[in-house]
Amino acid sequence: MTTDITIYQAFLPHDDHEASLAFYRDTLGFEVRNDVEYMGMHWLTVGPAGQPGTSIVLHPPTADPGITEDERRVVAEMMAKGTYASINLASPDVDATFERLQAGDADVVSEPTDQPWGVRDCALRDPAGNMIRIFEVK
């Protein structure tokens, strides 16, 4: 059985519009597809050039009106630790990508490493603390 379902958007929280914009646009080199401000909060949609059907939506994590103050506190604590959200990206040359990102002042978690399960990857955090792993996929 085949499917015509594709990944269209993934959501990551962010708490600083300008820092997120600079990181995803300037450091990762993603296109800005949408930048929406509503009631002092920003939603930012970005994605890789040449892949208009795949985007990351950076959203205010506590914009849900049903979230309690305790939940807001827990979300903020998890984001600060980098344990709230993550995404895996891919590059045909993880070492070259890592060098470019490191030169752009990325918050490096791990340099390119050959993992025991057979993939080479590196890891960094975005300004909100989200873990970004970049896998080498040729």
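Derivation of every value follows stated rules applied to the coordinates shown; laboratory data play no part. Not measured: the values here are computed from a predicted model. Please note: Cβ atoms are built from the backbone with ideal geometry, for glycine as well, and neighbour counts cover all protein chains shown.
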Check: How do I5, I87, I134, I56 rank when sorted from fewest to most other Cβ atoms within 10 Å of their own Cβ?
Finding: I5, I87, I134, I56
Note to self: Could you list F30, F23, F135 so that the one with the fewest beta carbons within 10 Å of its beta carbon is first and the one with the most is last?
What the structure shows: F135, F30, F23
Margin query: P(r) for the range 74-130, please, calculated from all Cα pair distances in 5 Å bins and given in %.
Written below: 4, 17, 26, 22, 17, 9, 4, 0
Next item on the list: Provide the per-residue ³J(HN,Hα) series for the range 6-12, in order, calculated from phi with Karplus coefficients 6.51, -1.76, 1.60 and θ = phi - 60°, each as a whole number of Hz, with x at glycine and proline positions.
Entry: 10, 7, 9, 9, 10, 10, 10
Next item on the list: Express in whole angstrom the spacing between the alpha-carbon centres of the range 104-138 and the range 53-88.
Entry: 20
Next item on the list: Report Rg/Rh for the range 29-138, rounded to two decimals, where Rg is the Cα radius of gyration and Rh the Kirkwood radius.
Entry: 1.01
Check: So what J values fall out for the range 59-71 if you push phi through Karplus, 6.51 cos²θ - 1.76 cosθ + 1.60 with θ = phi - 60°, rounded to Hz, Gly and Pro as x?
Finding: 10, x, x, 10, 6, 4, x, x, 7, 8, 4, 4, 5
Check: So if we plug the beta-carbon distance of E71 and A10 into 1/(1 + (r/R0)^6) with R0 = 25 Å, what FRET efficiency do we get, rounded to 0.05?
Finding: 0.70
Item checked: Under 5 Å, built H, 5+ apart or other chain: amide partners of L12 -> V57, L58, H59
Next item on the list: Could you grab the relative contact order for the chain? Cα pairs under 8 Å, six or more apart, rounded to a whole percent.
Entry: 24
Notebook entry, point to check: Arranged by the count of other C-beta atoms within 10 angstrom, fewest first, what order do S110, S55 take?
Noted result: S110, S55
Next item on the list: Rounded to whole Hz and in sequence order, give me ³J(HN,Hα) for the range 105-121 from the Karplus expression 6.51 cos²θ - 1.76 cosθ + 1.60, θ = phi - 60°, writing x for Gly and Pro.
Entry: 6, 5, 7, 6, 9, 8, 6, x, 9, 7, 7, x, 8, x, 10, 9, 8
